[in-house]
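Q: Just dropping this structure here.
Each reported figure results from applying straightforward, stated rules to the coordinates on display, with no laboratory input. What you see is a predicted model, and the numbers here were worked out from it, not measured in a lab. Using ideal geometry, Cβ is built from the backbone for each residue, glycine included, and neighbour counts are taken over all protein chains shown.
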Amino acid sequence: MKEPLVFLSNVSFQYDSQERPALNGINLEVHEGEWLAIVGHNGSGKSTLARLLNGLHYPKEGTIAISGIQLTEETVWDVRRQIGMVFQNPDNQFVGTTVQDDVAFGLENNGIPADVMAERVVDALNKVNMASFLDQEPHHLSGGQKQRVAIAGVIALRPAIIILDEATSMLDPRGREEVIDTMMKLQDQEKITVISITHDLEEAAKADRIIVMNKGEIYREGTPEEIFQMDEELVELGLDIPFPVKISKQLREKGINLSRHYLTEEELVAELWTSHSKM
Amino acid sequence: MMEKMIIGRYVPAESVLHRMDPRSKLIIVFLFVAVVFLANNLWTYLILLGYTLLMAALSRIPARFLIAGLKPVLFLVLFTFFLHLFLTKEGEVILEIGWLSIYEEGIRQGIFISLRFFLLILITSLLTLTTTPIEITDGLEILLGPLKKVNFPVHELALMMSISLRFIPTLMDETDKIMKAQTARGVEYSSGPIKERMKAIVPLLIPLFISSFKRAEELAVAMEARGYKGGEGRTKYRQLQWKNTDTMMILLLLAVTALLIVFRG
Amino acid sequence: MDISLQNVEYRYSVGTPFEHLAIADVSIDIPSGSYLAIIGHTGSGKSTVLQHLNALLKPTKGTVLIGSREIKAGRKEKNLKGVRKKVGIVFQFPEHQLFEETVEKDICFGPMNFGVSEEEAKRRARAAIFQVGLSEEILEKSPFDLSGGQMRRVAIAGVLAMDPECIVLDEPTAGLDPRGRKEIMDLFYRLHQERGLSTVLVTHSMEDAARYADEIVIMHKGKVRKKGSPKEIFSVPAELLELGLDVPEVVRFQMKLEQTFSTKFEKVCLSQDELTDMVASYLTGRTSL
């Protein structure tokens with residue numbers, strides 16, 4: 001079997017100012033090309049986990065390896081070339097005075113020659129559908145557009161992994177859709193591995209695998225289908241249940257025969273149709 | 001009110017000055033500041049005036065725009081004029097009004113010095129009118145480059161400038177939002193006694209300070225995540241290009257300097 | 001207290017090159033004790049409308065009536081405190097307005113600006129802190145030592161302590177997790193019901209609009225596109241989709257079912273219970289035929 005792209009072994013972390021560890025004994029593997037969603041309520045430790053992966057903090061215990069490189073203060077810059085991160089607040093990660101300057105920022109930091117940079121900036125902006133905004137200043141962009149520029153800034157560096165750290169939580173529904181669609185397209189076309197940290201379960205339902213965090217620990221891990229069978233347990237964890245699951249459950253209670261909880265409305269409607277049409 | 005201030009605002013246009021390298025423009029402005037002090041008689045001032053007007057024409061920025069924009073600083077020029085007019089006590093007395101007497105030298109000095117002041121303002125605003133702030137930053141960073149050898153933080157300074165430029169509109173928005181939120185909580189910003197209004201500043205400044213602090217922190221994390229580790233080993237996306245025009249424009253100013261030296265009294 | 005916007009127009013930066021029209025010909029009535037939701041895209045003019053509700057902006061045309069106070073375009077308006085005392089606004093990310101040393105002082109800030117005595121303000125602060133679901137000990141803490149969710153609640157308490165007759169909410173749950181969102185929305189609904197507080201909710205969430213509001217206004221490109229009860233608004237989902245807006249999940253699901261079964265249910269359901277009841281009886285009826 002292929003070596004995992006991200007490998008965490010027994011990782012713990014504690015902020016100096018806090019009494020409880022923010023992360024406790026985390027074991028985790030992420031494989032190439034995978035879309036992993038990490039969910040949990042605010043304060044469950046999911047964002048801390050993201051920061052550890054990028055060497056913004058170092059674990060108090062345990063080891064982290066990215067693409068086979070063990071993450072230490074010596075290797076951190078190599079690791080950061082492998083992992084791109086998109087943060088929550090669209091404004092506070094936009095460094096450049098214009099769209100193209102911002103996309104170029106990461107390339108400049110990595111000493112990419114100017115002529116290569118020019119190509120990559122345009123290429124990256126094309127991929128997120130923002131190429132016509134080259135000279136636009138950030139305060140003229142919507143939140144969704146700013147986040148797409150942030151994604152372009154990340155993919156211009158050709159990372160193996162992109163971490164979305166609640167990247168859609170401050171956006172309106174339209175912006176959220178723009179960002180998720182862009183990421184799904186990229187994952188598909190560029191074979192980028194995505195780790196999405198979120199409390200939006202509709203978004204998590206699109207992942208290949210979900211990890212539920214609670215009190216700094218991995219509470220449950222599984223496919224979206226497996227996770228959403230958890231039902232009320234999710235609500236107790238401060239999360240929500242996706243709509244199709246709620247409906248399937250209620251229909252079952254009201255005497256409709258359904259073989260399982262459905263994750264998408266399409267599946268559910270199709271099932272209802274096949275089981276109730278030929279009578 | 002701010003819309004009419006022209007100093008520091010970039011006006012896009014197609015002109016020789018717009019196309020010039022920011023480095024040559026900066027060099028010219030610095031040189032001009034020194035050269036202005038060579039002028040000391042009618043001829044030399046006329047040469048300087050001619051040169052400045054030529055530059056203004058080359059910028060292709062509409063004259064009415066230039067004039068309207070310079071209005072706010074005009075009073076400073078006038079102030080300089082009157083200051084010299086009244087305080088210089090040399091040469092013949094031209095006019096006496098009560099205790100006030102105006103001397104010939106006063107008029108001369110008043111005109112020359114306020115003209116000098118006016119020309120300086122015009123030339124520097126031509127720089128900012130035809131050069132985007134980010135170009136100026138880039139130009140300064142390269143020109144000040146040699147200072148790195150004495151550990152002067154040139155790169156950091158340039159980065160700070162460009163980030164400030166980037167965040168000015170964001171902070172203006174933020175100020176507006178917080179002002180509105182506090183107004184809704186009963187604070188009066190636009191009316192009331194001065195003392196009350198001074199007090200109203202606190203609920204505005206503290207949130208603004210805290211949010212800027214948070215922004216700065218988040219920005220620093222984002223920059224680090226994107227591989228920023230200082231100026232070392234960094235390449236530049238924006239490449240400056242020194243063209244023949246740039247050399248010629250500098251030669252032109254040198255020629256003007258030579259003329260000034262010849263004609264000064 | 002009734003609030004009413006009559007043919008309101010607002011232009012930003014009048015007389016400068018940056019002048020632009022934000023809203024035009026907007027008429028909205030908010031009778032005392034009602035719950036109104038305003039929905040629309042970012043830039044549709046909803047925030048501009050909101051700021052007219054307590055005279056943060058004054059119309060460039062038309063009239064705004066807030067209780068007995070009339071605010072007319074082109075007139076100098078003085079002493080608007082009386083209006084602002086009656087209409088409390090919870091802005092988006094209200095925690096950004098906190099500034100005092102302690103939570104208690106911050107909550108007291110609004111009421112005391114409106115002339116409430118310190119003693120009374122403190123009493124209100126205690127009541128408000130319980131209302132938003134926090135405990136008394138928090139009053140002595142610095143607002144900046146709290147978690148994001150707690151800060152949000154403190155900011156809301158600061159508005160509630162002003163004891164307004166109408167409360168205006170601008171995306172009050174933005175950035176919160178699902179539990180936090182539900183708790184905040186339930187809190188406002190409870191206040192609305194128990195105290196008859198007029199409530200105006202500006203939101204992107206069709207779910208919230210459908211669940212809580214008696215009346216919905218849809219803004220589009222600076223104009224009121226449609227007004228009506230949630231039933232009326234969501235019974236023609238196509239219209240909303242045309243504007244690029246969402247419909248509640250329940251409605252969307254019903255549409256999909258209707259399409260697949262090529263049928264049309266007699267009503268549009270706005271709650272899950274209602275929907276599953278209807279679907280269950282429809283399906284059982286179908287199989288028993």
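Q: Could you check how many residues of the stretch C:30-44 are over 14 Å from the mean Cα position of the chain (by Cα) and within 16 Å of C:Met219 (Cβ to Cβ)?
A: Residues flagged as over 14 Å from the mean Cα position of the chain (by Cα) and within 16 Å of C:Met219 (Cβ to Cβ) within the stretch C:30-44 amount to 4.
Q: Which of the following residues is in contact with a strand residue (DSSP E or B) (Cβ under 6 Å, 6 or more places away or on another chain), farther than 26 Å from C:Leu270 by Cα and within 13 Å of another protein chain (Cβ to nearest Cβ): C:Ile167, C:Ile156?
A: Numbers: C:Ile167 fails: farther than 26 Å from C:Leu270 by Cα.
Every option except C:Ile156 fails the conditions.
Q: For A:Thr97, only one of the following conditions fails: (1) within 12 Å of chain B (Cβ to nearest Cβ); (2) buried (at least 24 other Cβ atoms within 10 Å of the Cβ). What is its number?
A: In the conditions (1) within 12 Å of chain B (Cβ to nearest Cβ); (2) buried (at least 24 other Cβ atoms within 10 Å of the Cβ), A:Thr97 misses (2) alone.
Q: Quick check on my filter: what residues within the stretch C:158-186 are over 21 Å from C:Lys86 (Cα atoms), assigned to a loop (DSSP other than H, G, I, E, B) and not acidic (Asp, Glu)?
A: C:Thr173, C:Ala174, C:Gly175, C:Leu176
Q: Limited to the stretch A:58-73, what total is found for residues that are more than 21 Å from the chain's Cα centre (by Cα) and in a strand (DSSP E or B)?
A: Final tally of qualifying residues: 5.
Q: Then there's this: Kindly list the number of the only condition in (1) surrounded by 14 or more Cβ atoms within 10 Å (Cβ to Cβ); (2) within 10 Å of chain C (Cβ to nearest Cβ); (3) part of a loop (DSSP other than H, G, I, E, B) that fails for A:Gly255.
A: Of (1) surrounded by 14 or more Cβ atoms within 10 Å (Cβ to Cβ); (2) within 10 Å of chain C (Cβ to nearest Cβ); (3) part of a loop (DSSP other than H, G, I, E, B), only one is false for A:Gly255: (1).
Q: In the stretch B:182-230, how many residues are facing chain C (nearest Cβ under 10 Å), surrounded by 17 or more Cβ atoms within 10 Å (Cβ to Cβ) and among the charged types (D, E, K, R)?
A: Number of matching residues: 2.
Q: Of the residues that sit in the stretch B:50-77 and are surrounded by fewer than 16 Cβ atoms within 10 Å (Cβ to Cβ) and of a type in the set (Phe, Trp, Tyr), which one is nearest to B:Glu14 (Cα to Cα)?
A: From the stretch B:50-77, those surrounded by fewer than 16 Cβ atoms within 10 Å (Cβ to Cβ) are B:50, B:53-54, B:57, B:60, B:62-65, B:67-68, B:71-72, B:74-76; that's our starting set.
Add one more test, that the residue is of a type in the set (Phe, Trp, Tyr), and what stays is B:65, B:75.
Working: B:Phe65: 16, B:Phe75: 31 Å.
If we take residues in the stretch B:50-77 being surrounded by fewer than 16 Cβ atoms within 10 Å (Cβ to Cβ) and of a type in the set (Phe, Trp, Tyr), then B:Phe65 is nearest to B:Glu14 (Cα to Cα).
Q: Here are the criteria: (1) of a type in the set (Ser, Thr, Tyr); (2) assigned to a loop (DSSP other than H, G, I, E, B); (3) over 25 Å from A:Val128 (Cβ atoms). Tell me which single one A:Thr97 does not satisfy.
A: With (1) of a type in the set (Ser, Thr, Tyr); (2) assigned to a loop (DSSP other than H, G, I, E, B); (3) over 25 Å from A:Val128 (Cβ atoms) applied to A:Thr97, the lone miss is (3).
Q: Moving on. In the set A:Glu119, A:Glu137, which member is surrounded by fewer than 23 Cβ atoms within 10 Å (Cβ to Cβ) and either away from chain B (no Cβ under 14 Å) or touching a residue at least 12 places away in the same chain (Cβ under 8 Å) (or both)?
A: Details: A:Glu119 fails: either away from chain B (no Cβ under 14 Å) or touching a residue at least 12 places away in the same chain (Cβ under 8 Å) (or both).
Within the list A:Glu119, A:Glu137, the selection yields A:Glu137.
Q: With B:Ile107, B:Ile102, B:Ile123, B:Ile94 as the choices, which residue is over 27 Å from the mean Cα position of the chain (by Cα), in a helix (DSSP H, G or I), of a type in the set (A, V, I, L, M) and farther than 27 Å from A:Gly96 by Cβ?
A: Numbers: B:Ile102 fails: in a helix (DSSP H, G or I); B:Ile123 fails: over 27 Å from the mean Cα position of the chain (by Cα); B:Ile94 fails: in a helix (DSSP H, G or I).
The match here is B:Ile107.
Q: Then there's this: Of all residues in the stretch B:231-265, how many are free of Cβ contacts under 8 Å to residues at least 40 places away in the same chain and within 14 Å of chain A (Cβ to nearest Cβ)?
A: 5
Q: Please work out which one of (1) surrounded by 13 or more Cβ atoms within 10 Å (Cβ to Cβ); (2) assigned to a helix (DSSP H, G or I); (3) touching a residue at least 24 places away in the same chain (Cβ under 8 Å) is the condition B:Val11 fails and give its number.
A: Every listed condition holds for B:Val11 apart from (2).
Q: Return the residues of the stretch B:32-41 that are over 15 Å from the mean Cα position of the chain (by Cα), surrounded by 13 or more Cβ atoms within 10 Å (Cβ to Cβ) and either of a type in the set (Phe, Trp, Tyr) or assigned to a helix (DSSP H, G or I) (or both); say none if nothing qualifies.
A: B:Val35, B:Val36, B:Leu38, listed by residue number.
Q: A further question follows. Looking at the stretch C:43-75 only, could you name the residues that are more than 15 Å from C:Val14 (Cβ to Cβ) and touching a residue at least 60 places away in the same chain (Cβ under 8 Å)?
A: C:Ser44, C:Gly45, C:Lys46, C:Ser47, C:Val49, C:Leu50, C:Leu53, C:Asn54, C:Val64, C:Leu65, C:Ile66, C:Gly67
Q: So, in the stretch B:171-181, exactly how many residues are in contact (Cβ under 8 Å) with a residue 12 or more places away in the chain and closer than 30 Å to B:Glu141 by Cα?
A: 2
Q: For the stretch C:57-79, which residues satisfy the criterion of being on the phi < 0 side of the Ramachandran plot, outside any strand (DSSP E or B) and surrounded by fewer than 20 Cβ atoms within 10 Å (Cβ to Cβ)? Outline the logic, then answer.
A: Start the filter on the stretch C:57-79 by keeping residues that are on the phi < 0 side of the Ramachandran plot, which leaves C:57-61, C:63-66, C:68-73, C:75-78.
Pick out the ones that are also outside any strand (DSSP E or B) and you get C:57-60, C:68, C:73, C:75-78.
Result: C:Lys58, C:Thr60, C:Ser68, C:Ala73, C:Arg75, C:Lys76, C:Glu77, C:Lys78.
Q: Moving to a separate point now. Can we say B:Arg215 is under 25 Å from A:Gly153 (Cα atoms) and assigned to a loop (DSSP other than H, G, I, E, B)? Can you show your working first?
A: Working: under 25 Å from A:Gly153 (Cα atoms): yes; assigned to a loop (DSSP other than H, G, I, E, B): no.
No, not satisfied.
Q: For the stretch B:162-169, check the following and say yes or no: at least one residue is within 12 Å of chain C (Cβ to nearest Cβ), of a type in the set (Val, Ile, Thr), under 30 Å from the mean Cα position of the chain (by Cα) and closer than 30 Å to A:Gly153 by Cβ. It would help to see each step written out before you state the result.
A: Taking the stretch B:162-169 as the starting set, the residues that turn out to be within 12 Å of chain C (Cβ to nearest Cβ) are none.
There is no residue in the stretch B:162-169 that is within 12 Å of chain C (Cβ to nearest Cβ), of a type in the set (Val, Ile, Thr), under 30 Å from the mean Cα position of the chain (by Cα) and closer than 30 Å to A:Gly153 by Cβ.
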